[in-house]
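Structure, as structure tokens:
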Amino acid sequence: MLNLLFHIFSDECFMDLSLVQYGYERCRSLHSYGPFVRNNYLFHYVISGKGTLLTDDTSNHSKEYKIGPGCGFLIEPGRINTYFADRDDPWEYTWIEFGGLRAKEILESSGLSSDSPIYFPKSPEDGERLKNELLYLANHGQEPSLHLIGHLYLVMDALLRGSSQKRTVQGGKLSEFYTKEAVTFIEQNYALPLTVEDMAKRCNLDRSYFGKIFRETMGQPPQEFLIRYRMSKAAELLKLTDLSIGDISVQVGYPNQLHFSRAFKKVFHVSPRAYRQNNKII
């Protein structure tokens, strides 16, 4: 295998789990990254060798972790981090950077967080399964987007099922119930002029309290979730239909086409028209 494989995933249509970049590297002695603050989740699995992770936890206390083969480490968004290879036995690892509406929920279920960032497999077989799924992505960077996202889900499944820190959910939290109720409400009514107050009212909660538990559960404010959900639906319509951009704007809850175009460009970094030209399925 080459010493370095690196791929960037450019399709932003996938909302529940989104892939940013992924790859493999056999590092040189003391090879390092950081200090950085990431915008997404970053997970490394160490195949061989050793290294060190320096990161801050939720109390902003700096911590040091020594990591060897068969283990992994998670870096959460917004956390200052540095990691570097051992001087005498530099590590070889494979990694993914990812995000999405369900990423926080999956990672919490696996027991990984800024306060507990080290992945320990329940068994060598579990670690091997996760390693193979990650290496599959690293070695198949030119496959279609849907194929790669499918394998991202397999990575998350291997991570969740094989983690020795996996949490056992019994009954679920009340905050998760309310959040799922709000997400269902959004899915059924995104074409209407929804507000955060409407979502909170549906759950019979105070607006500020609703916003707090939604953000804690989903990793983003309800208004941002609504916008990204609407834009994902708009992207589908742009690719799959011949509806005018004005009609699509109305169908996803934006009577004002200019406001829609601005929101779409903020999410996908191109205008709706340019997106259709580049992605239309004939």
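The values are calculated or read from the model by the stated rules, or taken from the named source; none is laboratory data. The structure presented is a predicted model; accordingly, all values stated were derived computationally and were not measured. For neighbour counting, all protein chains shown are included, and Cβ atoms are generated from backbone atoms with ideal geometry for every residue, glycine included. Side chains included, ligands, DNA and RNA excluded: accessible areas come from the protein's heavy atoms. Shrake-Rupley method; radii C 1.70, N 1.55, O 1.52, S 1.80 Å.
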**Fill in**
CD proxy, 222 nm, the chain: helix-only mean residue ellipticity via -39,500 (n - 2.57) per DSSP H run with n ≥ 4, per residue, nearest 500, stands at -13500 deg cm²/dmol
**Message:** What is the sum of charges, Lys and Arg at +1 and Asp and Glu at -1, for the other residues whose Cβ falls under 14 Å from the Cβ of residue 208?
**Reply:** +1
**Item:** Relative contact order of the chain, pairs being alpha-carbon contacts under 8 Å that are 6 or more residues apart, as %
**Value:** 16
**Asked** So for segment 140-241, taking the charge dipole from beta-carbon charges (+1 Lys/Arg, -1 Asp/Glu), which of 195, 234, 179 sits furthest toward the positive end?
**Response** 179
**Message:** Let me see the P(r) profile for segment 102-208: every Cα-Cα distance counted, bins of 5 Å, each bin given as a percent of all pairs.
**Reply:** 2, 11, 15, 14, 14, 13, 12, 10, 6, 2, 0
**Message:** Could you compute the net charge surrounding residue 22? Neighbours are other residues with a C-beta less than 12 Å from the C-beta of residue 22; K and R count +1, D and E count -1.
**Reply:** -4
**Complete:** Expected sort for 247-254, 52-59 on mean C-beta neighbours within 10 Å, highest first, is 247-254, 52-59
**Request:** Would you mind working out the magnitude of the charge dipole of the chain relative to its Cα centre, with +1 at each Lys and Arg C-beta and -1 at each Asp and Glu C-beta, to the nearest 20 Debye?
**Result:** 540
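Using a Förster distance of 22 angstrom, determine the FRET efficiency expected from the C-beta separation of residue 88 and residue 166, and round it to 0.05.
The pair residue 88/residue 166 has a calculated efficiency of 0.10.
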**Prompt:** Kirkwood hydrodynamic radius (Cα pairs, Å) of segment 36-103?
**Reply:** 12.4
**Message:** As a test question: what accessible area, to the nearest 10 Å², does residue 240 have when a 1.4 Å probe is rolled over all protein chains in place?
**Reply:** 110
**Item:** In nm, spacing of pseudo-spin labels at residue 80 and residue 195 (7 Å Cα→C-beta vector)
**Value:** 4.0
**Message:** Accessible area of segment 98-225 with a 1.4 Å probe: how many percent of it is carbon plus sulfur?
**Reply:** 51
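Which of the DSSP-defined H helices in the chain satisfy a minimum axial length of 24 Å, computed from C-alpha atoms, and a minimum mean Kyte-Doolittle hydropathy of -0.5?
For the chain, where a helix must reach 24 Å along its axis and average at least -0.5, the hits are 145-162, 222-240.
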**Prompt:** Which Cα, out of 244, 225, 269, lies furthest along the positive dipole direction of the chain (beta carbon charges, K/R +1, D/E -1)?
**Reply:** 244
**Item:** Along the chain, longest interval not containing exposed trypsin sites (Lys or Arg not before Pro), exposed being DSSP loop plus at most 13 other Cβ atoms within 10 Å
**Value:** 174-279
**Prompt:** With r defined as the distance between the Cβ atoms of residue 28 and residue 270 and R0 fixed at 35 Å, what FRET efficiency is calculated, to the nearest 0.05?
**Reply:** 0.40
**Asked** How big is the Kirkwood radius of segment 123-279, worked out from every pair of different alpha carbons and given in Å to one decimal?
**Response** 18.3
**Prompt:** Between residue 80 and residues 5 or more places away or on another chain, which pairs have amide H atoms under 5 Å apart, with H built 1.01 Å from N, and which residues are they?
**Reply:** 56
